[in-house]
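Just below is one structure, and these are the notes that go with it.
The values are calculated or read from the model by the stated rules, or taken from the named source; none is laboratory data. Just so you know, these numbers come straight off a predicted model, no measurement behind them. Cβ placement follows ideal geometry from the backbone for every residue including glycine, while neighbour counts extend to all protein chains displayed. Surface accessibility is based on the protein's heavy atoms, side chains included, excluding ligands, DNA and RNA. Shrake-Rupley method; radii C 1.70, N 1.55, O 1.52, S 1.80 Å.
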Amino acid sequence: MGHTLRVLDIVAGTSVDGPGLRTSIYFAGCHHKCPGCHNPQSWDPEGGTAMTVEQIMAEIIENDFNVTFSGGDPLYQDPEALLELATAIRAAGYTLWCYTGFVYEEIKDNPRYTALLPLFETIVDGPFVEALRDTSLIFRGSSNQRLIRPSES
């Protein structure tokens, strides 16, 4: 281990980023810049704090909840660092969700992300589209976003 990731915040015990109580890791950096984004402060790739995989894992283990990657967009992080963290999370027995502004088809066809896919239990894909905002949706902000289970896709 030894990679670092840019982390805006780690929130333990949240129930809005996947089923049950979860530890959500909000990563810095997003080039999607969706109009109406609820987290525009996350767009700056230099925002937040550089944290090692070990530091992040210590918080995950202390909190002892399943994990969600959010942001920003986690897929703008160094793919090797993200893979190292995702692998450690799954090895510790936690499930892992990932929110991204990319659509699944872009992710599965990109070699940067191929190794990550089997580690995600669920991907919430697609950019937030303000005109499609729907507060009745569970775990999504707009109706274009999908809940995808890579193991079933």
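Is it the case that residue 100 is touching a strand residue (DSSP E or B) at 6+ places or on another chain (Cβ under 7 Å) and among the hydroxyl-bearing types (Ser, Thr, Tyr)? Give the steps one after another, and end with the answer.
Numbers: touching a strand residue (DSSP E or B) at 6+ places or on another chain (Cβ under 7 Å): yes; among the hydroxyl-bearing types (Ser, Thr, Tyr): yes.
Answer is yes for this residue.
Counting just the residues of segment 23-72 that are among the polar types (S, T, N, Q) and farther than 27 Å from residue 93 by Cβ, which one comes out farthest from the chain's Cα centre (by Cα)?
Step by step, filter segment 23-72, then rank; the result is 41.
Could you please let me know if residue 9 is without any contact (Cβ under 8 Å) to a residue 12 or more places away in the chain, open to solvent by 50 Å² or more (accessible area, probe 1.4 Å), farther than 24 Å from residue 114 by Cβ and in contact with a strand residue (DSSP E or B) (Cβ under 9 Å, 6 or more places away or on another chain)?
Here the answer is no, as residue 9 does not meet what is asked.
Matching residues to (1) more than 17 Å from residue 19 (Cα to Cα); (2) at pLDDT below 95:
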site	(1), (2)
89	no, no
93	no, no
96	no, no
110	yes, yes
114	yes, yes
121	no, no
126	yes, no
132	yes, no
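I need a count of the residues in segment 129-141 that are more than 14 Å from the chain's Cα centre (by Cα) and in a loop (DSSP other than H, G, I, E, B).
7
In segment 104-135, which residues are surrounded by fewer than 21 Cβ atoms within 10 Å (Cβ to Cβ) and of a type in the set (Gly, Ala, Ser)?
115, 131
Yes/no per residue for (1) among the aliphatic types (A, V, I, L, M); (2) open to solvent by 10 Å² or more (accessible area, probe 1.4 Å):
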| position | (1), (2) |
| --- | --- |
| 26 | no, yes |
| 29 | no, no |
| 37 | no, yes |
| 49 | no, yes |
| 61 | yes, yes |
| 78 | no, yes |
| 82 | yes, no |
| 95 | no, yes |
| 102 | no, yes |
